[in-house]
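Working notes, beginning with the structure itself.
The values are calculated or read from the model by the stated rules, or taken from the named source; none is laboratory data. Given the structure is predicted, the values throughout are model-derived calculations rather than measurements. Because the Cβ atoms are built from the backbone with ideal geometry, glycine has one as well, and the counts that use them run over all protein chains shown.
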Amino acid sequence: METVFNNRFRHVDELRRMGADIRVEGRGALVRGVEKLTGAQVEAPDLRGGMALLLASLAAQGESVISGTEHLERGYENLVEKFSSLGAEIRLL
């Protein structure tokens, strides 16, 4: 089993908590659109997965709490300020 590739989908379960319709199939994922995503408590497994969760949270109805944000803080400079300047309500706890 190829674990490096499989780790790329660690954030899928977190997105499902928000209402996403995603199914991992082999080396890819089938993503179907949904009417809405809802806020949830999720955990960022890595840099890219964390950004996917952040963007999904901004699109979701309600509030989301993302733990594991140290990946995002290290990987993106002035992340909160940049998203806030675009009108996002985002803060680090």
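A quick yes/no check of all residues on (1) modelled with pLDDT under 90; (2) out of contact with any His (no Cβ under 9 Å at 6 or more places or on another chain); (3) surrounded by 12 or more Cβ atoms within 10 Å (Cβ to Cβ):
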site: Val42; (1), (2), (3): no, no, yes
site: Ser64; (1), (2), (3): no, yes, yes
site: Tyr76; (1), (2), (3): no, yes, yes
site: Gly87; (1), (2), (3): no, yes, no
Within the range 1-67, considering only helices (runs of 4 or more DSSP H) that don't extend past its boundaries, which have at least 2 residues that are among the polar types (S, T, N, Q)? 3-7
Members of the range 14-30 that are surrounded by 12 or more Cβ atoms within 10 Å (Cβ to Cβ) and either at pLDDT below 95 or among the basic types (Lys, Arg) (or both): Arg16, Arg17, Val24, Ala29
Taking the range 47-93 and keeping residues within 10 Å of the chain's Cα centre (by Cα) and free of Cβ contacts under 8 Å to residues at least 12 places away in the same chain leaves Leu55
